[in-house]
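Before we start, here is the structure in question, set down as structure tokens.
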Amino acid sequence: MLATPRLQLRPHLPTDLEESYRLWSDPQTVRYIGGTPLTREEVWSRLLRNLGHWQVYSYGYFVVLHQDKFLGEVGIAEFKREGLELQPEAGWVLLPEAQGQGFAREAVQGMLDWFARPTSCIIHPDHQVSLKMAAQLGYVAQGVQSYKGRPTVVHHRP
């Protein structure tokens, strides 16, 4: 469990399925992350993958909570993405109603302070909000590459 001034971050629990499904089935949420809303089954597999990261690496994805309300997910993972050279990969995604309030930056900064190792992240080149946040967090763009036939900007943070 991690805490920031406004947020609590904790690893996923199986009981997070419905909130995670609400997040990942929202077309606005996935607009720049694959583009296709996920099914409940796909979200369950994602949740199990998140739990597995903690077992294998002792780090992984966190549920972001504000006053015990689910806002989204942030984390560090080893996705072993084909064709991309990445450090452990940071990621973040919040429900649309939680965006624009500084929650993502606060959660990711708290997580990066805790992790204290170099990380990478990949961001769709049209996702201006995430590109700006990555730069504010110290990520340096390495250029646009192709991942699964789609453009993505690879960033590294020392």
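What follows is calculated from the coordinates using simple rules that are stated; it is not laboratory data. Just so we're clear, the structure is a prediction, and the values are computed from it rather than from any experiment. Because the Cβ atoms are built from the backbone with ideal geometry, glycine has one as well, and the counts that use them run over all protein chains shown.
Only one of I33, I76 is touching a residue at least 24 places away in the same chain (Cβ under 8 Å) and in a loop (DSSP other than H, G, I, E, B); which?
Details: I76 fails: in a loop (DSSP other than H, G, I, E, B).
Answer to the check: I33.
Restricting to the range 36-61, name every residue that is assigned to a loop (DSSP other than H, G, I, E, B) and in contact with a Ser or Thr (Cβ under 7 Å, 6 or more places away or on another chain). It would help to see each step written out before you state the result.
We begin by selecting, within the range 36-61, every residue assigned to a loop (DSSP other than H, G, I, E, B); these are 36-39, 58-60.
Of everything in the range 36-61, those that are assigned to a loop (DSSP other than H, G, I, E, B) and in contact with a Ser or Thr (Cβ under 7 Å, 6 or more places away or on another chain) turn out to be P37, L38.
Residue by residue, here is whether (1) more than 16 Å from R10 (Cβ to Cβ); (2) of a type outside the set (D, E) holds:
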site	(1), (2)
W54	no, yes
V63	no, yes
L71	no, yes
E78	yes, no
R81	yes, yes
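Which residues, counting only those in the range 49-74, are within 25 Å of R150 (Cβ to Cβ) and in contact with a helix residue (DSSP H, G or I) (Cβ under 9 Å, 6 or more places away or on another chain)? Don't jump to the end; show me each part of the working.
Start the filter on the range 49-74 by keeping residues that are within 25 Å of R150 (Cβ to Cβ), which leaves 49-50, 53, 60-61, 72-74.
Of everything in the range 49-74, those that are within 25 Å of R150 (Cβ to Cβ) and in contact with a helix residue (DSSP H, G or I) (Cβ under 9 Å, 6 or more places away or on another chain) turn out to be N50, G60, Y61, G72, E73, V74.
I'd like the full set of residues that are over 18 Å from Q87 (Cβ atoms) and either surrounded by 12 or more Cβ atoms within 10 Å (Cβ to Cβ) or out of contact with any Lys or Arg (no Cβ under 7 Å at 6 or more places or on another chain) (or both), limited to the range 134-144.
Here is the first cut: in the range 134-144, the residues over 18 Å from Q87 (Cβ atoms) are 136, 144.
Once the filter is applied, which keeps residues that are over 18 Å from Q87 (Cβ atoms) and either surrounded by 12 or more Cβ atoms within 10 Å (Cβ to Cβ) or out of contact with any Lys or Arg (no Cβ under 7 Å at 6 or more places or on another chain) (or both), the range 134-144 yields only V144.
Which members of the range 94-119 meet the condition of being surrounded by 15 or more Cβ atoms within 10 Å (Cβ to Cβ), of a type outside the set (G, A, S) and farther than 18 Å from H156 by Cα?
Passing the criteria: L94, L95, Q99, F103, E106.
Right, another one. Mind listing whichever residues of the range 145-158 are surrounded by fewer than 15 Cβ atoms within 10 Å (Cβ to Cβ) and touching a His at 6+ places or on another chain (Cβ under 8 Å)?
R150, P151
Further question: Just for the range 46-80: of the residues that are surrounded by 14 or more Cβ atoms within 10 Å (Cβ to Cβ) and of a type in the set (G, A, S), which one is farthest from G34 (Cα to Cα)?
Top of the filtered list is G60.
Next up: Would you pick out the residues in the range 43-80 that are over 21 Å from Q109 (Cβ atoms) and among the polar types (S, T, N, Q)?
Those that are over 21 Å from Q109 (Cβ atoms) and among the polar types (S, T, N, Q): S45, Q55.
Given (1) touching a residue at least 40 places away in the same chain (Cβ under 8 Å); (2) more than 12 Å from the chain's Cα centre (by Cα); (3) in a helix (DSSP H, G or I), where does D126 come up short, assuming only one miss?
Looking at each condition in turn, D126 falls short on (3).
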